[in-house]
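K.L.:
Got a structure here, written out as structure tokens. Questions coming.
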Amino acid sequence: MRDFTPNHEWLSINTATVRQSRGQDLPLTDIIEACARREIQAISPWRDQVAAVGLNTVSKLVKTHGLKLSGYCRGGMFPAATLAGTQAADADNRQAVDEACELNSTCLVLVVGGLPGALAGQAVHKNIGHAREQVFEGIERLLSYAKSCNMPLAIEPLHPMYAADRACINTLEQALDVCDKLDPAHTGALGVALDVYHVWWDPKLQQQIERAGKNRLLAFHVCDWLTPTRDLLNDRGMMGDGVIDIPKIRGWVEAQGFQGYSEVEIFSTLNWWKRDHAEVLDTCISRHRSAV
């Protein structure tokens, strides 16, 4: 297991972590510059943040500062109630692959979606089995295109509390079942993004990490689970402030040969987004050394 205490060489910042500074939106260009000043080696930007300042602008900044992308957030949201909806999702996901390629990302992270309409507040139906079928079919279609672009796809299983609206793939086991069916040769074209916030509770976690192996472990996300959690979406904790044994899970992941970045992804309307982004980034650096 790598020793993170001397430096932050293997720290990546998911740009949602500093999406806001003192409660105000922070442009992605400012986030990139702030990371570069701290010699942070990698980021994982969100598509809406990229779109707000322009893909070409972000691409040039990333190259200027020599930054790596530990992932690109996000593709997915496959289930739809109509053929037109499915076609729109497919087109958007192909565009996400193209953007990830332009930014030279290590992978495109997939948050697969749940029941159609649920995220907007009104699910069209209650058949989660059908939604999972649509997810499988959507990934199958996208995988063909992503392979032609040499862009790996990383399925991110989300905590079961998000099954209805954000992701009906909720365990690492489910995600790997999809991988094994669509990429039985373990080519590296399809794998998983393992976010400790979503999977730390799973009694099969170590077993499934071992099942994944090096070729399936494409991204590793860290934050912490607070007790109490005041908002299940936007009250993630800084590493070391909650109940997740992050070093243990990282040890399991690295035992399989994973040598990538530990990507800090924190949504925090009640705490960290209220603070100055400089304080947040400095704390990420410190906690990466002591709590990851």
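Each value in this text was obtained by applying a stated rule to the coordinates, not by laboratory testing. Please read these numbers as outputs of a predicted model, since none were measured by experiment. Reconstructed Cβ throughout: ideal geometry from the backbone, glycine too, with neighbour counts over all protein chains shown.
K.L.:
Determine the gain in length on full extension of the stretch T82-T57; use 0.36 nm per residue of separation and subtract their C-alpha separation, reporting nm with one decimal.
P.N.:
Stretched out fully, the T82 to T57 stretch lengthens by 5.5 nm.
K.L.:
Starting from the Cα-Cα distance between Q259 and R275, subtract it from 0.36 nm times their residue separation and give me the gain in nm to one decimal.
P.N.:
2.6 nm
K.L.:
Helix-only estimate, please: 222 nm mean residue ellipticity of the chain, summing -39500 (n - 2.57) across DSSP H runs of length 4 or more and dividing by its residues, to the nearest 500.
P.N.:
Taking each H run of at least 4 residues, the total per residue is -13000 deg cm²/dmol.
K.L.:
If you average the alpha carbon positions of segment 14-54 and of segment 108-130, how far apart do those two centres end up, in angstrom?
P.N.:
About 28 Å separates the Cα centre of segment 14-54 from the one of segment 108-130.
K.L.:
If packing is taken as the average count of other Cβ atoms within 10 Å, what order do 95-101, 2-8, 241-247 fall into, highest mean first?
P.N.:
By packing density, highest mean first, the sequence is 95-101, 241-247, 2-8.
K.L.:
Suppose every K and R has +1 on its Cβ and every D and E has -1 on its Cβ; what is the size of the dipole of the chain about the Cα centre, in Debye to the nearest 20?
P.N.:
160 debye
K.L.:
Give a quick list of trypsin sites (Lys or Arg not before Pro) in segment 220-271 that DSSP marks as loop, anything other than H, G, I, E or B, with at most 15 other Cβ atoms within 10 Å.
P.N.:
Filter output for segment 220-271: R230.
K.L.:
Between E102 and T29, with labels modelled 7 Å along Cα→Cβ, what's the label distance in nm to one decimal, could you check?
P.N.:
For E102 paired with T29, the spin-label model returns 1.6 nm.
K.L.:
Count the lysine pairs in the chain whose Cα atoms sit under 25 Å apart, keeping only pairs 8 or more residues apart in sequence or on different chains.
P.N.:
Total qualifying Lys-Lys pairs in the chain comes to 12.
K.L.:
Taking only the alpha carbons of the chain, what extent do you get along each of the three principal axes, in Å, biggest first?
P.N.:
47, 41, 38
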